[in-house]
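Participant: Okay, here's the structure, questions in a sec.
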């Protein structure tokens, strides 16, 4: 196990020391831990979870492999940084919304077993331990990704989002880091959405301007940057950014943070070299997802999913496998799709990560998945 001394900046992604209050690269405020993750090893949280290894550190918390004392199996345990729950309202919403979110069950959403505050006010979330890698790793190694491979992933993302939106849960922080590709024996990865709505915790205390700046601005819809009320179409905008970057290996919003915050960014066209030509239908859909006004985007995640299914059939002539619980009206009988090429990079155990949607505290964690 290596010593973890840095975490990624939530704004620019540059490495930041765990205890730093601001990023040395872009000066964005940071939410850090009161102690390094290695000091948590061997401790038991709330009498239920014995921490056995460090899996990672992010902008919102630390992730450990932990053993459930009562059951004896291993889970991914996310411990949130204390400064995320400074107000009593945040702590109450963490509990209430965590319980509600954990009731949501879908194959494309990580399973959440438990979310609570310990006796010493440590906020933790226990989730299934997943094997695979994130979409971020795939894009880093292989972008621009063949649309025949990326579109089926996007369809599964829409499936998970639709289930959450049905429960009035908005992810608020959809990005490649929060799309986990779980390895399966079939060779076709299963998407698991993680880290639902952690950034929305910052919306609780509007008096703290530093908190309001925390979040992944690069993937935020214009209305989210303005602090407006959100619905599921904000997540569709983020999906558009993910698709744009995955298909072109270019940033949809550029690097001008001020322009992003003020909704002044217009993504360039998606022209690639001739050998990487994209179907016009796919380019048009991505641009609709990236529309500045929510009304100009697909009406909901299912509409985006249906459009992606049509594009997939245009690309391959075969329908893509979808979650067994999904309803796909007016579609022809499915034909087994050829498995996509396996992703690069070695597999590693990761975590199922964080609370689904919590539209107030925003730490929501979607939750149970379909067991096979």
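The values are calculated or read from the model by the stated rules, or taken from the named source; none is laboratory data. If you're wondering where the values come from, they're calculated on a predicted model, not measured in any experiment. As a convention, Cβ positions derive from the backbone with ideal geometry for all residues, glycine included, and neighbour counts pool all protein chains shown.
Participant: So residue 188 ticks every box in (1) surrounded by 23 or more Cβ atoms within 10 Å (Cβ to Cβ); (2) part of a loop (DSSP other than H, G, I, E, B) but one. Which box is left unticked?
Facilitator: Failed condition: (1).
Participant: For residue 104, which of the numbered conditions (1) touching a strand residue (DSSP E or B) at 6+ places or on another chain (Cβ under 9 Å); (2) under 24 Å from residue 72 (Cβ atoms) fails to hold?
Facilitator: It is condition (2) that residue 104 fails.
Participant: Sticking with this structure for a sec: Filtering the range 105-123 down to residues that are surrounded by 23 or more Cβ atoms within 10 Å (Cβ to Cβ) and under 23 Å from residue 182 (Cα atoms), which residue is farthest from the chain's Cα centre (by Cα)?
Facilitator: 115
Participant: Here are 89, 104, 130: which of them is touching a helix residue (DSSP H, G or I) at 6+ places or on another chain (Cβ under 7 Å), over 21 Å from residue 312 (Cα atoms) and in contact (Cβ under 8 Å) with a residue 12 or more places away in the chain?
Facilitator: The unique qualifying residue is 104.
Participant: Additional query: Taking the range 167-194 on its own, how many of its residues are closer than 22 Å to residue 224 by Cβ and out of contact with any helix residue (DSSP H, G or I) (no Cβ under 9 Å at 6 or more places or on another chain)?
Facilitator: 1
Participant: Let me ask another. Just checking, does the range 62-83 include any residue being under 20 Å from residue 47 (Cβ atoms) and touching a helix residue (DSSP H, G or I) at 6+ places or on another chain (Cβ under 6 Å)?
Facilitator: yes
Participant: Separate question: Can you name the number of the only condition in (1) part of a helix (DSSP H, G or I); (2) modelled with pLDDT under 90; (3) buried (at least 20 other Cβ atoms within 10 Å of the Cβ) that residue 240 fails?
Facilitator: (2)
Participant: Given the conditions (1) closer than 18 Å to residue 165 by Cβ; (2) modelled with pLDDT under 65, which single one is not true for residue 324?
Facilitator: Of (1) closer than 18 Å to residue 165 by Cβ; (2) modelled with pLDDT under 65, only one is false for residue 324: (1).
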